[in-house]
Amino acid sequence: MIDKDSKYFSLSGDIPIGGPSTWHVIDWDQRRVFSVTMDGEQDDDSIAIEHFSRYSTQLSAEIYRIYVSDTGEIISTSTDQEDDQTCCVHYPFLDEVAVPEGILTVVFKYYFLWQYAQMAWKEMNLWMHLPRHPNIVPFDRLVVDELEGRVIGFTNDYLPGGSLEENRSRVFKLKWLRQLTHVVDDLNLRYGIAHQDIAPRNVLVDESTDSLMLFDFNFAARINYPSPGEGESYVEDRNDVKGVLFTIYEIITRDNSLRNMPHEDQNLDDLEIEWVKHAEVELDHPVASYQLVLREWRERRAGDLTHAMHPGDFPEAIDWPSRPKPPQKTISLRDVDGNPVDFTTDMWCESRHDVLGRGEKVLNWERPPQTILDNGTRLLASGEVIIC
């Protein structure tokens with residue numbers, strides 16, 4: 001179940017001088033894009049999100065836009081497909097993807113907004129081409145749609161028990177810290193990859209092997225790659241040594257005030273204080289043992305000069321092809337003098353109403369809204385109850 005604070009998001013809007021203003025709001029739960037129109041120049045998308053959140057579970061799939069008053073009451077609704085801001089994202093065909101031997105197809109992680117297509121392509125290829133590692137959640141299969149056989153996402157192995165952020169009742173073992181430093185060394189120094197988002201929410205424990213497992217490569221990138229691919233950006237301020245140290249400090253102390261600073265302001269020297277273990281945290285060694293392991297590892301990694309490396313320095317550097325180009329489309333416009341002007345562009349996405357208008361099929365990600373009951377179970381709009 002998606003928590004309330006993360007359920008809604010707005011990527012764009014139309015705010016003409018004098019109004020009315022329209023914000024396009026995404027409901028992550030329903031996988032739906034919806035427009036909220038208000039009088040005046042409303043440059044704060046949170047107002048539109050607040051209004052929409054009141055009605056999100058009540059609006060039928062045929063309604064694409066609502067017009068609300070200053071107090072949030074619905075003045076009118078629109079079922080005109082021209083108001084449908086949903087985009088059909090271009091997905092590559094399976095034969096356009098360089099698939100390592102043994103990778104199959106099934107469903108799990110995907111994207112339905114064109115703004116995330118580049119990052120999704122990067123993550124899928126990076127994870128898919130990484131060799132199997134005892135401390136990285138295994139990549140599983142590609143996911144292919146039933147319409148045209150296009151690759152729309154991928155799956156990775158599921159490990160029960162929750163992340164270190166979700167399940168904080170476990171005894172955090174010193175050997176798990178050593179495993180984390182080991183996998184980060186392999187990623188950085190062997191494969192030339194920076195994870196760039198090491199945090200308790202991205203670390204699991206495989207109880208069957210009693211091993212710490214790293215996952216989620218949304219922000220990962222090749223280190224100092226001369227021509228970074230789509231969706232990746234190597235940022236030294238997000239280096240993984242810093243990520244590990246702040247993660248362990250956060251696990252032991254449950255103090256995330258230092259971690260909440262912008263990456264460029266996070267200073268490892270701030271961790272040179274006495275770590276006070278949180279009363280509810282359980283460890284299998286004294287806090288000083290964890291600090292000693294981190295101190296020795298940091299000193300060793302400082303000598304690696306990772307920031308000065310280039311792709312040729314990594315013995316098993318990971319690489320992958322660029323995202324396949326979509327079909328091109330010629331669009332006719334007029335210049336400032338009213339003269340017709342044609343230009344050609346890559347169709348990375350297209351309005352759903354345009355695709356449907358041509359009589360073609362679309363891949364629909366929308367789903368009924370969910371609610372959570374007092375006992376923790378999830379209730380779908382269909383009436384189906386899912387036990388959490």
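Throughout, read-outs are computed from the coordinates displayed, never taken from laboratory work. Every value quoted in this text rests on a predicted model; they were computed, and no experiment measured them. Ideal geometry is used to build each Cβ from the backbone, glycine not excepted, and the neighbour counts take in all protein chains shown.
Structural size metrics of the range 289-373, computed from C-alpha coordinates, are Rg and Dmax of 26.3, 74 Å.
Count Lys and Arg as plus one, Asp and Glu as minus one, and take only other residues whose Cβ is under 12 Å from that of Ser60; the net charge is then -1.
Helix 117-129 and the long axis of the chain differ in direction by around 40°, with both axes built from C-alpha atoms. Short-range pairs are left out: with C-alpha atoms under 8 Å and at least six residues apart, the relative contact order of the range 202-302 is 17 percent. Listing Leu292, Leu245 from fewest to most neighbouring C-beta atoms within 10 Å gives Leu292, Leu245. For a straight C-alpha distance cut-off of 18 angstrom, no lysines are reachable from Lys242 once same-chain residues fewer than eight places away are disregarded.
Given a cut-off of 19 Å, what percent of all Cα-Cα pairs of the range 89-156 lie beyond it? The answer is 26 percent, as a whole percent. When each of Tyr111, Tyr116 is scored by the number of other beta-carbon atoms lying within 10 Å, the sequence from fewest to most is Tyr116, Tyr111. Taking Cα atoms only, the orientation of helix 45-55 departs from the longest principal axis of the chain by about 70 degrees.
Taking the inverse of the average 1/r across all pairs of different Cα atoms in the range 50-135, what Kirkwood radius in Å do you get?
Values: mean 1/r = 0.0588 Å⁻¹.
17.0 Å is the Kirkwood radius here.
So what's the back-of-envelope 222 nm ellipticity for the chain, counting only DSSP H runs of four-plus at -39500 (n - 2.57) apiece and dividing by all residues, rounded to 500? Present the calculation step by step, with values, prior to reporting the outcome.
Numbers: 6 runs with 72 residues, N = 388.
Calculated mean residue ellipticity at 222 nm is -6000 deg cm²/dmol.
In the chain, Cα pairs under 8 Å separated by at least six residues give a relative contact order of 16 percent.
Charges only on Cβ, +1 for Lys and Arg, -1 for Asp and Glu: so what's the dipole of the range 89-156 about the Cα centre, in debye to the nearest 20?
Working: 5 positive and 8 negative charges, 59 e Å.
For this selection, approximately 280 debye.
Simple point charges give the picture: +1 on the Cβ of Lys and Arg, -1 on the Cβ of Asp and Glu, and for the range 138-178 a dipole about the Cα centre of about 580 debye. From least to most packed, judged by other beta carbons within 10 angstrom and beginning with the fewest, Lys4, Lys109 follow the order Lys4, Lys109. Lysines within cross-link reach of Lys361: Cα-Cα under 21 Å, excluding same-chain residues under 8 positions apart? Lys361 reaches Lys325, Lys329.
Could you give the size of the charge dipole of the range 4-86 about its Cα centre, using +1 on the Cβ of each K and R and -1 on the Cβ of each D and E, expressed in debye and rounded to the nearest 20? Spell out each step's value before the answer.
Working: 6 positive and 17 negative charges, 77 e Å.
Taking the Cα centre of the range 4-86 as origin, the dipole is about 380 debye.
Restricting the calculation to Cα atoms, every distinct pair contributes to the Kirkwood radius of the chain, found to be 24.0 Å.
With no solvent and one equal point scatterer placed on each C-alpha of the range 4-86, evaluate the Debye formula and give log10 I(q)/I(0) for q = 0.11, 0.13, 0.20 Å⁻¹, two decimals. Each listed q corresponds, in turn, to -0.24, -0.34, -0.84. Separation of the range 318-363 from the range 27-58 is 27 Å, based on Cα centroids.
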